[in-house]
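The block underneath contains the structure these notes are about, expressed in structure tokens.
The values are calculated or read from the model by the stated rules, or taken from the named source; none is laboratory data. Predicted model only: the values in this text are computed from it and were never measured. Neighbour counts run over all protein chains shown; Cβ positions are idealised from the backbone, glycine included.
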Amino acid sequence: MDILFVADPLEVFKTYKDTTFSMMREAQRRGHRIAACEPRHLVWESGKPVSATVREIRLTGGEHDWFEVTATHAVPLKQFGAVLMRKDPPFDSEYFYATHLLEQAEREGARVFNKPAALRDHPEKLAIMEFAQYTSPTLVTRDEAEVKRFHERHGDIILKPLDGMGGMGIFRVGKDGLNLGSIVETLNRQGTTTLMVQRYVPEIAQGDKRVLVIGGEVVPFCLARIPQGSEIRGNLAAGGKGVAQPVSARDREIAQALGPVLNQRGLLLVGLDVIGDYLTEINVTSPTCFQEITQQAGFDVPKMFVDALERAVQ
């Protein structure tokens, strides 16, 4: 099968931890042919199929020069057996436009994972609101008065931007309400931008768990991203320490409830973020942690993913 990865530039991959790289390596191991492009290489000319200028590559096994380009040419996306949208966040306007081009490619016969419409329909923070029975008390608003009322009810809260990633822009405000007004003004930009507020979950000290769901099935190990020092954020990008561990009974309950629903909607790979007993995010754009779980727990996550991909395109 020919597989196209729509991703960030290959030259910036950190192969020792990159999930897309681990997918490529497993696909090549099975004999699949690999190509790569960036969203900026997608082209849709009137009357013609959506295409892209792609680089056909072969993984060398090297640490630095880890791939070699065997050919470069323009190809309609429908000619690939599978197209994997693996562009990292942020989900900005250009990402949004890319999903529309990929959706057109689907109409022409391409098989795209995760499904472009599902990427648009599941903003990673807002998506949890559909599954409120698994979340801690949460508020989405741009109204400062609503935030203050929420704080009065719950005391210790977390505030975050809806478009943040890697722990960016996350604030904690305790019962004293210190700096709450200033933080809201910063996040809602004087009432013009929507933000999310959640009751603080103290179990963050044990880690912000990334629970992977592939093809509707739960990966039996998760990665607990544990805050370090005085940080409240467990994100690896914010200095958190990643520790692989078996999923808990509650993790599995949440994942088994959401997994089949999200898979039916075209989300082959989902990363659920769980703190304590509570779902905090549903990651769909470019879920990670394959290599950390595989290396620490010995469970082959890339194999499970490519197995699911092969089943999905049959």
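Here are some notes:
- Among the residues listed as T20, T53, the single one being part of a helix (DSSP H, G or I) and of a type in the set (V, I, T): T20
- Residues of region 123-143 that are crowded, with 18+ Cβ neighbours inside 10 Å, more than 24 Å from T99 (Cα to Cα) and in contact with a Gly (Cβ under 9 Å, 6 or more places away or on another chain): S136 alone.
- Residue within region 281-291 that is part of a helix (DSSP H, G or I) and not β-branched (V, I, T) present: yes
- Among residues of region 1-19 that are surrounded by fewer than 18 Cβ atoms within 10 Å (Cβ to Cβ), those with a Cβ under 7 angstrom from a residue that is small (G, A, S), sequence gap 6+ or separate chain, pair up as M1/G81; M1/A82; D2/A35; D2/G81.
- Single unsatisfied condition, T99 versus (1) without any contact (Cβ under 8 Å) to a residue 40 or more places away in the chain; (2) assigned to a loop (DSSP other than H, G, I, E, B): (2)
- Close Cβ contacts (under 6 Å, 6 or more residues apart or on different chains) running from residues in region 102-116 that are among the hydrophobic types (A, V, I, L, M, F, W, C) to residues that are in a helix (DSSP H, G or I) comprise L102/P116; A105/L77; A110/L77; A110/K78; V112/L102; V112/E106.
- Check on A237, part of a helix (DSSP H, G or I), at pLDDT below 95 and either under 15 Å from the mean Cα position of the chain (by Cα) or among the small types (G, A, S) (or both): yes
- Flag for I204 being modelled with pLDDT of 90 or more, β-branched (V, I, T) and within 15 Å of L279 (Cα to Cα): yes
- Filter result for A105 (in a loop (DSSP other than H, G, I, E, B), buried (at least 20 other Cβ atoms within 10 Å of the Cβ) and in contact with a strand residue (DSSP E or B) (Cβ under 7 Å, 6 or more places away or on another chain)): no
- Residue count, region 249-271 (criterion: part of a loop (DSSP other than H, G, I, E, B), among the aliphatic types (A, V, I, L, M) and within 18 Å of K125 (Cα to Cα)): 1
Listed here are the residues, each with its yes/no results for (1) closer than 20 Å to R225 by Cβ; (2) in the same structural domain as I275 (by TED's automatic domain parsing); (3) within 27 Å of the chain's Cα centre (by Cα).
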{"residue": "E124", "(1), (2), (3)": "yes, no, yes"}
{"residue": "E130", "(1), (2), (3)": "no, no, yes"}
{"residue": "R142", "(1), (2), (3)": "no, no, yes"}
{"residue": "K148", "(1), (2), (3)": "no, no, no"}
{"residue": "G169", "(1), (2), (3)": "yes, no, yes"}
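- Some residue of region 85-93 being buried (at least 16 other Cβ atoms within 10 Å of the Cβ), in contact with a Phe, Trp or Tyr (Cβ under 8 Å, 6 or more places away or on another chain) and of a type in the set (K, R): yes
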